[in-house]
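Undergrad: Once you've had a glance at the structure underneath, I'll fire off some questions.
Where a number appears in this text, it was derived from the coordinates with a stated rule and is not lab data. Here the structure is a predicted model, which means the values were calculated and not measured. Here the Cβ positions follow ideal geometry from the backbone for every residue, glycine too, while neighbour counts run over all protein chains shown.
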Amino acid sequence: MSAPPPSRKLGTAALVATGLGALAVAAVVSRRTLSPPRPQAPPESLVARNSAVEPLAPRDETTFQVTTATGNVEAQRAGQWVPIKAGDTLTRTDVVRTAAGGRAILQLSAGTEIELRERVEIGLDRLAGGATVDLRHGKVLARVSGNDGLEITSRDTRTANEGPAHFVVLSDERGRVSVASLSGKAKFTAGGRSLTLVQGTQSTSAAGAAPSDPERIPEEVLLEVVWPAAEQRHGAADTEVKGRAAPSSSVTVNGTLARMGADGQFTATVPLRTGKNAVDVRVEDLTGRTRQASAALLRRGPPPALTPEATDLWKK
């Protein structure tokens, strides 16, 4: 049998090659059609945006957070006094006050906070780069446990921590500013003089004058009361309670602030009703310690009216 001509061999080979190529293309198309799509990586901007949402955003260091508010606590905003509560945020434009019985704790950072006692008013002057608080009247307790700087200004005086410290600043109605260090060191500046109060010492500046030499905080709270007579006449509508306490203390009589002189002598007028009247005298010293004394004053009622009885003098 004779061999096929060369042209015929080439045609057959071309057909075989064409068939194999078609099969290869079909296999590729089948894999792309039947295989699930491979996931694609998100754009870099989207990754950055998603990763930024995971951690909590840090709190603005230029604000105070109200962590505790009891009683009547208010902030002045746009000329109006509005109540504030735990969780509220305060900025440098706010003025804060507490009424009788009200208290609040304001936190600047994990290691810096101030406690406002009752009848306090403060302004938040500067917060970034170390806080400055303007104490207008009342008592605040400052706690700094880290390296933050905290300065309290009041009536031409400045008090600042020197490292971790716990200190008290009182600005009273007589224009006196008293400072005590409960722990650590506090720098007290007034009238061109600066001194450092170490733990357990206190000092006072009268009307912006230079602060007094540091002295030890007394071990006991001073309270001496001169009670009026236990029994009052029926015509007495009120009586006076007098006594003595430390000049940097605050004294209340039945919840009302007593008038106190520079020497610590105080007096208060107490209204009386007929019958027994309970009188409570309470003193709080500069460090926040308290002492109390009580008495009962009796106001007698008017004497009974006498009714004349007619008698016949001529009858025997």
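Undergrad: Starting from the Cα of Thr274, step 7 Å along the direction of its Cβ; do the same at Arg77; then give the gap between the two resulting points in nm.
TA: Label-label distance for Thr274 and Arg77, simple model: 5.2 nm.
Undergrad: With +1 on the Cβ of every Lys and Arg and -1 on the Cβ of every Asp and Glu, and nothing else charged, how large is the dipole of the range 190-280 about its Cα centre, in debye rounded to the nearest 20?
TA: 260 debye
Undergrad: Could you please rank Val251, Val179, placing first whichever residue has the fewest other Cβ atoms within 10 Å of its Cβ?
TA: With the sparsest Cβ surroundings first, the list reads Val251, Val179.
Undergrad: Let me ask something else about it. What ranking of Arg117, Arg136 emerges when the number of other C-beta atoms within 10 Å of each C-beta is taken as an exposure proxy, fewest first?
TA: By the 10 Å Cβ count, ascending, the order reads Arg136, Arg117.
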